[in-house]
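Trainee: First, the structure itself, so that you have it in front of you.
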């Protein structure tokens, strides 16, 4: 994945999301009889533009990080304090002259269309078929949070916090939405064939860190996609394992007097003993051999770890791989359910940011989105569309937040206007919009800083 590829798919993704959002405002404005002066994708200098037969200008601008719909009279919401003169021929087509419910619908249509786009994309994927894998777990730390809660190897997660989950993406997002809480997780052992057990997991110590490549391992879990055996698959030439006499197809029987159980524990023993002798008993061609393995010393930050240069034989756990594919009607329902759940999870995560349960280090911006776009595009169409759907849900929900400058802030103003029977004063709205602009600018700077500091 190259930088150019990431930028290319980022521009496509952001272009679609912005176009759909602004199209929502545009179409609803037209339906409500508002004269739209300009429909623009991007900001800054215009690259190209044209006008339709009613005079609306359609423009493509140089900076692809947003867009806008300029409606006639939208700056004159208070007829007693007009900023511009409304020409008589446009009196009935001015935004400021429309009823409160019409202005509400015009503003609401933008984020609503982003949510509808996510629904459409999820529906398409469910019809097309999504290669996926079930949330079956491998317990990686016998003393970890998950093991203490009662997780066992090959448990299948079926619900988190009362919400049913079908794949690892859903399970992970639901778990993240309950960070710093106690959450009830429904599991079935034997890859889902066993009886249902409800276990309570304490996620108070879970640290959602953007630099972590394996969030689940912090609580002692990993996704189970393949099983490892005690049989050696490969031995790196010149490695400590080769020097000890280990060969491919050797089966580890015991190490330092401890019987072999799982490769993970054997690997931990190697990492924890750099430069120290590990006494091995291995089986080769039906014969038991005694070997001495002295792991090489490697630096890992401020500490040294052992490295042997061997890998185990593995086999896929076929039972966890499946394809989610449904007929049209069910795909529409499933797509709607997934859009709804992702919206709720987005709200829960926003709440966690506000309360400090999730660090603001996880706020991501254009660079993070570009990396995600490039990565998912390299995996295939359905993964890219799923990523696009997720970002679209986030964009829709975030825009509905009651923050001045965002669509949700304007919707809040219209609710107040409806209740009061008149709009807020220009002075008060101006101050609130200024505060909202500062908040939004601060958030954007934070996102870009995180992208650069943690993402590159």
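Trainee: Out of all the residues in region 127-141, which are more than 21 Å from residue 156 (Cβ to Cβ) and either touching a strand residue (DSSP E or B) at 6+ places or on another chain (Cβ under 7 Å) or surrounded by 22 or more Cβ atoms within 10 Å (Cβ to Cβ) (or both)?
Mentor: Result: 129, single match.
Trainee: Suppose the filter is more than 25 Å from residue 118 (Cβ to Cβ) and surrounded by fewer than 18 Cβ atoms within 10 Å (Cβ to Cβ); does residue 15 pass it?
Mentor: The answer is no for residue 15.
Trainee: Among the helices (runs of 4 or more DSSP H) confined wholly to region 364-436, which include 1 or more residues that are within 13 Å of the chain's Cα centre (by Cα) and without any contact (Cβ under 8 Å) to a residue 60 or more places away in the chain?
Mentor: Of the helices (runs of 4 or more DSSP H) lying wholly inside region 364-436, those with at least 1 residues that are within 13 Å of the chain's Cα centre (by Cα) and without any contact (Cβ under 8 Å) to a residue 60 or more places away in the chain span 366-379, 381-399.
Trainee: Moving on to the next point. Among (1) part of a strand (DSSP E or B); (2) surrounded by fewer than 18 Cβ atoms within 10 Å (Cβ to Cβ); (3) in contact with a helix residue (DSSP H, G or I) (Cβ under 8 Å, 6 or more places away or on another chain), there is one condition residue 41 misses while meeting the rest; what is its number?
Mentor: (2)
Trainee: For residue 329, only one of the following conditions fails: (1) over 15 Å from residue 114 (Cα atoms); (2) touching a strand residue (DSSP E or B) at 6+ places or on another chain (Cβ under 9 Å). What is its number?
Mentor: Unmet condition: (2).
Trainee: Here's something else I'd like to know. Which condition breaks for residue 268 when tested against (1) farther than 25 Å from residue 142 by Cα; (2) without any contact (Cβ under 8 Å) to a residue 12 or more places away in the chain?
Mentor: Looking at each condition in turn, residue 268 falls short on (1).
Trainee: Checking residue 183 against (1) at negative phi; (2) under 22 Å from the mean Cα position of the chain (by Cα); (3) not in a strand (DSSP E or B), which single condition isn't satisfied?
Mentor: If we test residue 183 against (1) at negative phi; (2) under 22 Å from the mean Cα position of the chain (by Cα); (3) not in a strand (DSSP E or B), just (3) comes out false.
No lab work stands behind these numbers, since they all come straight from the coordinates. Computed from a predicted model, the values in this text were never measured in an experiment. Neighbour counts are summed over all protein chains in view; Cβ atoms, including those assigned to glycine, are modelled from backbone coordinates with ideal geometry.
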